[in-house]
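Inspection log for the structure reproduced underneath, given as structure tokens.
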Amino acid sequence: MSYKAKNYQSHNISKMLRVDHAGEYGAVAIYKGQQAVFKRNLKTASTASKLSEMEQEEQKHLDAFDKLLIEKNVRPTALMPLWNIAGYGLGVLTAMISEKAAHACTEAVESVIEQHYAEQAEKIKDIDPDLSDLFKEFREDELHHRDIAVESGAHEAPAYNLLSNIIKAGCHAAIKITKVI
């Protein structure tokens, strides 16, 4: 393999890691925002507990990407403070609408992210099989979160299609922006 090809692959993997790190960071922030609303009310305490479990899995993913960024000498996105505010705000906003809106948020985000991980795993399966396997593992967790959200009434959220499409568009935009900045 030529130096140019290796450098290109390394550059693309760096972008993948930067985006995935930011995505997991944002996911943790979303769940924290939702829990901040739901843990205050006895009626929504079980939802807060479910969200806490999902946040813990996202935190494991984030910890893995923290380690990978250091190992592979990849800089995180410069937009981390923005993604923290946006994620937490999205979590609070959807939770304030309703439990089902919060689940619609989870379903929308996890749908985009699981597809993103699947594409990445396929792109690098021959270049970095270990990283490809990690993407596949994390994809399974995201699918599980998506399924929990659907089972919890995500599709019954007020203005579900509008809410879901806006959140998905935001996720796709965040992915594109984070690759560069």
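On the protein heavy atoms, probe 1.4 angstrom, tell me the percent of accessible surface of the chain carried by carbon and sulfur.
Looking at the chain in its full context, I get 56 percent from C and S.
Please determine, in degrees from 0 to 90 and to the nearest 10, the orientation of helix 99-124 with respect to the longest principal axis defined by the Cα atoms of the chain, where the helix direction is its Cα long axis.
10
Using a basic spin-label model with each label point 7 Å from the Cα along Cα→Cβ, how many nm lie between Ala169 and Asp147?
3.1
List the chymotrypsin sites (Phe, Trp or Tyr not before Pro) within segment 21-103 that fall in a DSSP loop (any state other than H, G, I, E or B) and whose Cβ has at most 10 other Cβ atoms within 10 Å.
Filter output for segment 21-103: empty list.
What FRET efficiency do you get for Lys179 and Lys43 if R0 is 41 Å and r is their Cβ-Cβ distance, rounded to the nearest 0.05?
0.50
Which of these values of Cα Rg over 2.2 N^0.38 Å was calculated from the structure shown: [x] 1.04; [y] 1.15; [z] 2.21?
Given [x] 1.04; [y] 1.15; [z] 2.21, the structure-derived one carries the label [x].
Scan the chain and hand back the longest stretch that contains none of the trypsin sites (Lys or Arg not before Pro) lying in DSSP loops with at most 16 other Cβ atoms within 10 Å.
Between exposed loop sites, the widest span is 126-181.
What percent does the relative contact order of the chain come to when contacts are Cα pairs within less than 8 Å and at least six residues apart?
28
State in Å² the accessible area per residue of segment 121-173; use a 1.4 Å probe, count heavy atoms of protein chains only, and round to the nearest integer.
58
Given a cut-off of under 8 Å on Cα pairs at least six residues apart, what relative contact order in percent is computed for segment 27-122?
After rounding, I find 40 percent.
Which angle between 0 and 90 degrees, to the nearest 10, do you get for helix 129-151 versus the longest principal axis of the chain when only C-alpha atoms count?
Between helix and principal axis, roughly 10 degrees.
The values are calculated or read from the model by the stated rules, or taken from the named source; none is laboratory data. Remember, it's a predicted structure, so these values are computed and weren't measured experimentally. Cβ atoms come from the backbone with ideal geometry, glycine included; neighbour counts cover every protein chain shown. For the accessible areas, the whole protein counts, side chains as well, though only heavy atoms, and no ligand, DNA or RNA atoms are used. Shrake-Rupley method; radii C 1.70, N 1.55, O 1.52, S 1.80 Å.
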